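Scroll down for the structure; my scribbles are underneath it.
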Amino acid sequence: MDRRNKEDLLLAWHLKSATDEERQWVEAELLRDPEFRARSDRIREILRPLDHWSIPTPPAGLPERILARIESSRGQTQHWQSTQTPDAPATTGERARILRFPAMREWVAVAACITILVGIVVPAISLTRDRAREALCAANLGSVFQGLALYRSAFDGALPYAGGGAATAWLPAGPQDAPYASNSRHAFLLAKLNFGPTTEDFVCPSRGSDFPMPRSEVADRGDFTSARNISYATLGLSGRNPMLRPAAQVIYASDVNPLFVGGRFNAGIDPQSNSPAHRGRGQNVLALDGSVEHRSTPEYGPRNDNIWLAGNLRRYRGVEAPADESDSFLIQGFPITDLTDSDQRSR
């Protein structure tokens, strides 16, 4: 395949317009070819300004207001014409203004064009921006996997694990007898031990309130500074049965799990809901085999495993773990520095 076709496929992959076959080829090539990855990084940087492009919401009743203003101007012109007498002809400039004033049907056409632009073109631009953010999010997860693969190679296939013991809780409001240990500590090791991903790679561009942890602070800490430093939920390892070597098809990370908000379990959320990260349309997921894909439901694999749940459990206290080695159970991280005084007293 020539270079031009490769770059076209890479751009299509970033914009989420590639076919499944093209997407698989690009992702395999990204793992194989460092130069191809470098070109992907350049495209990623080019698309990054789209994250900061804010499209204002059109004012309510814009077409009607345009037509009303046109009708008002037309009425003023007719009034001016009615005040002229045959003995007092208009000046050359006044006649020119009358002759140049468009007919009402022409103004209606202009208003229709504006309506079309507002109703079609602007949403299309917004969709393109959203797809670019999804592509950048997928690229972040790809970077996380590269570090994950290096870590597993260095530690005999084990996943990053910061310890904590079998009785720790991964929710701040967990059982009183279970010491709190944020699940994000494990993924943090990839940045702390310099296995590749930077703190920027842990922030989804669609999460406007999230921001990367300063790289200068990584070496002195054992976890992210804030929950807003990590946009992704990762495989649960802090429960009573940590899974250090799960099956390859298990999902390791994804966009935020909607069931756990602010460090607490939200029983009012339907477990079939998508992550809120991409306006509820779906979530990017990273499997341990290195594949990254955008899925329109939280179900994954031949068993339709719900990645938000531990087995079939519907309620959580913060000590639950994946049901077995093929169960993907993704948990949001809530670093200890995010706990309020009342949270810490309740522990």
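Miscellaneous remarks
- Residue identified as aromatic (Phe, Trp, Tyr), within 20 Å of GLY164 (Cβ to Cβ) and either outside any loop (DSSP other than H, G, I, E, B) or in contact with a Leu (Cβ under 6 Å, 6 or more places away or on another chain) (or both) among PHE188, PHE224: PHE188
- All positions within segment 214-232 that are closer than 16 Å to PRO197 by Cβ and charged (D, E, K, R): ARG215, GLU217, ARG221, ASP223
- Enumeration of residues in segment 136-166 that are within 23 Å of ARG44 (Cβ to Cβ) and either open to solvent by 30 Å² or more (accessible area, probe 1.4 Å) or out of contact with any helix residue (DSSP H, G or I) (no Cβ under 9 Å at 6 or more places or on another chain) (or both): GLN146, ALA149, LEU150
Yes/no matrix, rows are residues, columns are (1) out of contact with any Gly (no Cβ under 8 Å at 6 or more places or on another chain); (2) assigned to a loop (DSSP other than H, G, I, E, B); (3) modelled with pLDDT under 95:
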| residue | (1), (2), (3) |
| --- | --- |
| ARG245 | no, yes, yes |
| TYR252 | yes, no, no |
| PRO258 | yes, yes, no |
| ARG281 | yes, yes, yes |
| ARG303 | yes, yes, yes |
| LEU309 | yes, yes, no |
| ASN312 | yes, yes, yes |
| GLU320 | no, yes, yes |
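- Summed over segment 283-301, residues that are of a type in the set (S, T, N, Q) and either under 19 Å from ALA323 (Cα atoms) or part of a strand (DSSP E or B) (or both) total 2.
- The lone exception for CYS113 - which of (1) surrounded by 13 or more Cβ atoms within 10 Å (Cβ to Cβ); (2) modelled with pLDDT of 70 or more it fails: (1)
- For segment 140-157, the condition of being on the phi < 0 side of the Ramachandran plot, under 24 Å from the mean Cα position of the chain (by Cα), hydrophobic (A, V, I, L, M, F, W, C) and modelled with pLDDT under 90 holds for none of the residues.
- Within segment 260-270, the set of residues being open to solvent by 40 Å² or more (accessible area, probe 1.4 Å) and either part of a helix (DSSP H, G or I) or in contact with a Pro (Cβ under 6 Å, 6 or more places away or on another chain) (or both) comprises ILE269 only.
- Segment 225-251 - residue that is buried (at least 24 other Cβ atoms within 10 Å of the Cβ) and among the hydroxyl-bearing types (Ser, Thr, Tyr) and, of those, farthest from PRO322 (Cα to Cα): SER231
- Residues of segment 282-332 that are under 24 Å from LEU31 (Cβ atoms), open to solvent by less than 20 Å² (accessible area, probe 1.4 Å) and not polar (S, T, N, Q): GLY282, VAL285, LEU286, ALA287, LEU288, GLY290, VAL292, ILE307, LEU330.
- Filter result for ALA277 (in contact with a strand residue (DSSP E or B) (Cβ under 9 Å, 6 or more places away or on another chain), over 21 Å from LEU30 (Cβ atoms), at pLDDT below 95 and of a type in the set (Gly, Ala, Ser)): yes
The values are calculated or read from the model by the stated rules, or taken from the named source; none is laboratory data. Because the structure is predicted, anything quoted here is derived from the model rather than measured. FYI the Cβ positions are ideal-geometry reconstructions off the backbone, even for glycines, and counts take in every protein chain you see. Calculation scope for accessible area: heavy atoms of the full protein, side chains included, ligands and nucleic acids excluded. Shrake-Rupley method; radii C 1.70, N 1.55, O 1.52, S 1.80 Å.
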